[in-house]
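Please read the structure below before turning to the comments.
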């Protein structure tokens, strides 16, 4: 089902790119957009996880550089029956975490330094188990590709607005209607994230994660702690890349701007 959902997202991206290409350059523009979208779809499938990790400045760690974290992830992955995922650390004061990767064999778990500094071992285990549940459920493929798609559409909307602003008098250009179409693409990108990432998947990850961790207390305590902290500690990289917000266990956005359109998290 997740592969079907991903295919639908990629098809939607292609259609949007072709529509924008047609508004900008007619049939030739649509053809160019189709070729660009095809290349981008392939890139997203194979490299979306690397792109998302790079957006958040995540650095891979191992048993030498972060022994406690890596051993904890390894222990929980073994309980979950999963291959050992790559482990990444984000130098960020906001306590948070996410998982990414196209399948369990190519998965990664990323946590912030704020999370390690805020939570005790049982709480950290609950959070990591939740992320491993996303990997086991194969949620990460759809979640990661959706992040790159939504970000690309937002950038495309900004480009369309800029391009249209200087060519309103050109019948073959974007024109006023085309410009307005570009302006509404950013909210469409937000809705795309909200439709693709169901809240029920978060509840499922909580449920399975609690079984992996061996109890509910650590995860429930962690959710309360990091939810409260997230409202007071800004996540700069998430604010710069709001389309990735749904990846995190707790919404990392402050909600001070239109970025909160990308929030897909259920109430803690």
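Read-outs throughout are calculated quantities, based only on the coordinates presented, and are distinct from any laboratory measurement. All figures in this text were calculated on a predicted structure; none of them were measured in a lab. Heads up, the Cβs are rebuilt from the backbone with ideal geometry, glycines too, and the neighbour counts pull from every protein chain shown.
Computed values, structure above
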| quantity | calculated |
| --- | --- |
| Residues 88, 45 arranged by fewest to most Cβ contacts within 10 Å | 45, 88 |
| FRET efficiency estimate (nearest 0.05) - Cβ-Cβ, residue 75 to residue 207, R0 25 angstrom | 0.80 |
| Packing rank of 57-70, 212-225, where each peptide gets the mean count of other beta carbons within 10 Å, highest leading | 212-225, 57-70 |
| For peptides 94-103, 112-121, sequence by mean Cβ density within 10 Å, most packed first | 94-103, 112-121 |
| Ascending count of other beta-carbon atoms within 10 Å, so fewest first, for 105, 75 | 105, 75 |
| Cα centroid separation - segment 17-93 against segment 208-235, whole Å | 24 |
